[in-house]
Amino acid sequence: MKRLAILGSTGSIGQQTLEIVRSFPDKFSVVGLAGGENTGLLAKQISQFQPQLVYSTSKLSLSNKAKFSPMEEIASHPEVDLVVIATSGKIGLTPTLAAIRASKKIALANKEILVMAGKIITAEAKRYRAQILPIDSEHSAIWQCLRGEKAKVAQLILTASGGPLYHYSPSQLAKVTAEEALQHPTWKMGRKVTIDSATLMNKGLEAIEAHWLFSIPFDKIEIAIHPQSIVHSLVEFADSSVKAQLSFPDMRLPIQYALSYPERLPNSKLPRLDLIQVNSLTFEPVNYSNFPCLELALDAGKKGGTYPAVLCAADEIAIELFLTGHTNFPGIAEIIAKTIKSHQGIVDPTLGEILAADAWGRETALKVAREESLCY
Ligand code: MG
């Protein structure tokens, strides 16, 4: 029996994690739950899974044996074997570090943590022998391809669906509404990551994530547009052999793999891949000029230091402005580009300096949007 703590249990990944737990009551139990504003759902989850420890950002009355604890305490609690980090943004950063320092297994879905502080996180994980198990489908695919391999990796190939706007012209992109950008063709995800997919920022963040998770240089990370989202990523080895992991696009599979690893559990609720029905798998080159966020992310990743934190901060602000109708779709990349341009990076930042860069990035992105009339 694996005892879990799930941080961000009311979000999209958190809810799907609990669905997996529900399917295997003899394999997993829930010790801790942390949720955000959706207290109604959190209360339901608490009564169903009976965790000992609960964290909530809003008021909630606990009627049973559960007690309130900070997320760091839940993540490092002695009765927790595996911590699922399904939060979004920087909020998961210190709980993840707490879990690492308690040598927990960490199933990581929150990509900003590795993007912002990949150097610190991976160094600490090594030091405390904490295992980081990726939940992001591309990284789960690479992890599965690498399993059992000692051979040198020639390159990683991250696939991207391209999102809902991939074949739009620049003039069409300028007129895109939030509703259109939120219509992802293959994946059902949260709002922030859906817009990140539409701008291709998501793939840039994933390249940074892959760089840290698999200690691979950026020049060995390739990106290919694969609209069907069936091949989740590929690994090319030194002898030119390429391995890929395929499945129907459903986040429950990479979640379940991270929870059950090293086992594979049969789950009839997961859709089977029928390649005859899929009929064809296609791959296209990336259109960097229509989707400048990807290059912005790759550049920030290569520069390292505080740049990725500023990238994430500016991205979050720009997306918020777009979703509330205050900037247009191309404005997202412009706000991020101008914010990064005015940043003076720190080469080897402490966690405090990373968080300060995040705060600076948010403030500057808002200022840039206002001053450059990118915001209306
Ligand atoms: Mg992904």
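The values are calculated or read from the model by the stated rules, or taken from the named source; none is laboratory data. Note that the coordinates shown come from a computational prediction; the quantities given were computed from them, not determined experimentally. Reconstructed Cβ throughout: ideal geometry from the backbone, glycine too, with neighbour counts over all protein chains shown.
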For this session: Could you tell me whether the stretch 88-100 includes any residue that is within 16 Å of the ligand (Cβ to nearest atom), in contact with a Gly (Cβ under 8 Å, 6 or more places away or on another chain) and hydroxyl-bearing (Ser, Thr, Tyr)?
Result: yes
Problem set entry | Any hit, the stretch 117-133, residues being outside any helix (DSSP H, G or I), within 16 Å of the ligand (Cβ to nearest atom) and not β-branched (Val, Ile, Thr) | yes
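Out of Leu281, Leu311, Leu296, report the one residue that is more than 18 Å from the chain's Cα centre (by Cα) and not assigned by TED's automatic domain parsing to the domain that holds Ile6.
Details: Leu311 fails: more than 18 Å from the chain's Cα centre (by Cα); Leu296 fails: more than 18 Å from the chain's Cα centre (by Cα).
Criteria check complete, one pass: Leu281.
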Problem set entry | Candidate set: the stretch 201-247, residues that are within 15 Å of the ligand (Cβ to nearest atom) and in a loop (DSSP other than H, G, I, E, B); chosen: the one nearest to Phe28 (Cα to Cα) | Ser247
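Just one of Ile113, Ile106 is over 11 Å from Gly32 (Cβ atoms), more than 16 Å from the ligand (Cβ to nearest atom) and at pLDDT 95 or above; which is it?
On the way: Ile113 fails: more than 16 Å from the ligand (Cβ to nearest atom).
From the options Ile113, Ile106, the qualifying one is Ile106.
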Exercise. If you scan the stretch 178-187, which residues turn out to be surrounded by fewer than 18 Cβ atoms within 10 Å (Cβ to Cβ) and either among the hydrophobic types (A, V, I, L, M, F, W, C) or in a helix (DSSP H, G or I) (or both)?
Worked result: Ala178, Glu179, Glu180, Leu182, Trp187
Problem set entry | Test: residue in the stretch 139-156 that is at pLDDT 95 or above, in a strand (DSSP E or B) and not hydrophobic (A, V, I, L, M, F, W, C) | yes
Problem set entry | Failed criterion for Gly304 (all others in (1) small (Gly, Ala, Ser); (2) closer than 25 Å to Pro227 by Cβ; (3) within 20 Å of the chain's Cα centre (by Cα) hold) | (2)
For this session: Give me the pairs, please: first residue somewhere in the stretch 82-96 and on the phi > 0 side of the Ramachandran plot, second residue anywhere and surrounded by 24 or more Cβ atoms within 10 Å (Cβ to Cβ), beta-carbon distance under 7 Å, and either six or more positions apart or on two chains.
Result: Gly89/Glu112
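Tell me yes or no: at least one residue of the stretch 188-207 is farther than 17 Å from Cys293 by Cβ, surrounded by fewer than 18 Cβ atoms within 10 Å (Cβ to Cβ) and of a type outside the set (Asp, Glu).
Going residue by residue through the stretch 188-207, those that are farther than 17 Å from Cys293 by Cβ are 188, 190.
Right, trim to surrounded by fewer than 18 Cβ atoms within 10 Å (Cβ to Cβ) and you get 188, 190.
Keeping just the survivors that are of a type outside the set (Asp, Glu) gives 188, 190.
Yes; the residues of the stretch 188-207 include at least one that is farther than 17 Å from Cys293 by Cβ, surrounded by fewer than 18 Cβ atoms within 10 Å (Cβ to Cβ) and of a type outside the set (Asp, Glu).
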Exercise. Restricting attention to the stretch 131-143, does a residue exist that is surrounded by fewer than 19 Cβ atoms within 10 Å (Cβ to Cβ) and in contact with a helix residue (DSSP H, G or I) (Cβ under 9 Å, 6 or more places away or on another chain)?
Worked result: yes
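Examine the stretch 137-144 for a residue that is away from the ligand (no atom under 15 Å from the Cβ) and closer than 27 Å to Asp250 by Cβ, and state whether such a residue exists. Break it down stepwise before answering.
At the first step, the residues of the stretch 137-144 found to be away from the ligand (no atom under 15 Å from the Cβ) are none.
No, the conditions are met nowhere in the stretch 137-144.
Can you say whether Lys175 is away from the ligand (no atom under 16 Å from the Cβ), in contact (Cβ under 8 Å) with a residue 40 or more places away in the chain, assigned to a loop (DSSP other than H, G, I, E, B) and not polar (S, T, N, Q), as far as the supplied structure shows? If you could, list the steps in order and put the result at the bottom.
On the way: away from the ligand (no atom under 16 Å from the Cβ): yes; in contact (Cβ under 8 Å) with a residue 40 or more places away in the chain: yes; assigned to a loop (DSSP other than H, G, I, E, B): yes; not polar (S, T, N, Q): yes.
Here the answer is yes, as Lys175 does meet what is asked.
Any residue at all in the stretch 53-72 that's closer than 28 Å to Ala297 by Cα and part of a strand (DSSP E or B)? Spell out how you get there, then give the answer.
So the first thing to find is which residues in the stretch 53-72 are closer than 28 Å to Ala297 by Cα, and the list is none.
Within the stretch 53-72, not a single residue is closer than 28 Å to Ala297 by Cα and part of a strand (DSSP E or B).
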Exercise. Name the pairs whose Cβ atoms lie under 7 Å apart, with the first residue in the stretch 355-376 and closer than 15 Å to Gln344 by Cα and of a type outside the set (D, E, K, R), the second at pLDDT 95 or above and outside any helix (DSSP H, G or I), and 6 or more positions between them or separate chains?
Worked result: Ala357/Thr306; Ala357/Pro349; Thr364/Ser342
